[in-house]
Amino acid sequence: SSGINAEYGEALAIESGCAEALYNLGLTFKTMGNLDNALECFEKLHTILNNCPEVIYQIAALYDMKQDIQQSVDWFMHLITIVPTDPGILSQIGAIYDQDNDRSQAFQYFLESHKYFPSDISTISWLGAFYIDGQFHEKAIQYFERASLIEPQEVKWQLMIASCYRRSGNYQQSLATYKKIHMRFPENVECLKFLVRICTDLGLKELQEYANKLKKAEKAKELREQRRENSGRRSGRLRGSGGSERSNSGQRAPSGRQTSGRRDQEVALRDSHSGRKKPVDATYSDPIGDLPPRPRTAARSRVVDDDDFGDEELGDDLLPE
C-alpha cells in the first residue's frame, strides 16, 4: 500500500490537478482505514470536479464511517439533489436516520427507496418490521408477501405472514397459512410448533396429527445434527492422526476396534429405535410480540399455563440490521 501511495503521490506532484490519481489515492486511504487523509483527497477533488456524484458519495460515506451523522446527512442530501431517484442512496440515508433513532425520517427514505427499487429485500424487510413495531400488521403482511414472492424458498417470510394474521386477530387465516407452509415445508419444525400451539388454543381435532408430525420432525432433525457432529469428529481425528499414521509406516489399528464415531452413531440409532419416549417440545420463538386476547372456546381450559405464545421479540435474523 505504501508503494501505491508513493506512485499516486508522484502523479500528483507532476500534475496536482490529476483527478484520477487523487480519486484513487482517496480510495487507497479509505481501504487502509486512514479516513482523514481519504476525506482530504475527496474534498480537494470536489473543488476540482464540482457536483460529481461519485465524489460526493465518497465524502458522505466517509463522514458516515467517522460517525459524523450530521455531516454525512448533509452531503447525502446534496447528493440526492443531483441523483434524486437512486434507491441505494435513499436507503442509505434511511439507514443513517434509523441508526440515529429517528424512525419517522428513516421510514420516509426507505419508502422512497422502495418506490424506485421495489424488489430490494433489505428495504422490504425494514418496512415490514416498521409496520410491526407500529402494530399495523395488515400493512406488514403486504411487504412480507412481496418478500415471499422474491424469495419463495425462504420460509421465514411466510411464517411472518402467518404470525401477522394471528397478531391481528385473524386466527382462521393464520391457521390456513400455517397449513399451507406445512404443505410446502413438511419438515419445518417451527411451523409444526406453531400448528400444535394454535390447534391447542383453538381446541381443534388436528392437534394430535400435528403433534405426531412434530415429534417425527424433531427426531429426524436430531439425527441429522448427530450425523453432522459425528462426521465433524471423524474428519477432525483423520486430520490429527494423518501425520502419525504416516510416521508409523502404515501400521493399522486392530480390526476389532471401533472408533468413537462409530460408537456414537450406534448409540444414536439405538436411541432412535428404542422405546424411550421424549416429550414433544412445542416451544418456539414467535417473531411477533404480545397477542391480543384470544377468542375463548370450550377447549380453553385444556391450554397449559406456561404459554410462551407471545412475549418474544422479533428475531434478529428476521430484521434488517
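The values are calculated or read from the model by the stated rules, or taken from the named source; none is laboratory data. Every value quoted in this text rests on a predicted model; they were computed, and no experiment measured them. No Cβ is skipped: glycine too gets one built from the backbone with ideal geometry, and neighbour counts run over all protein chains shown. Note: accessible area is taken over every heavy atom of the protein model, side chains too, but ligands, DNA and RNA are not part of it. Shrake-Rupley method; radii C 1.70, N 1.55, O 1.52, S 1.80 Å.
Here the simple spin-label model places points 7 Å from the Cα toward Cβ, and for residue 133 and residue 220 these points are separated by 3.8 nm. Residue ranges 81-90, 56-65 sort as 56-65, 81-90 when ordered by packing (mean number of other C-beta atoms within 10 Å per residue, highest first).
Full extension of the chain segment joining residue 187 with residue 99 gains 27.9 nm, where the gain is 0.36 nm per residue of separation less the Cα-Cα distance. Rolling a 1.4 Å probe across the protein heavy atoms gives region 114-234 an accessible surface of 49 Å² per residue.
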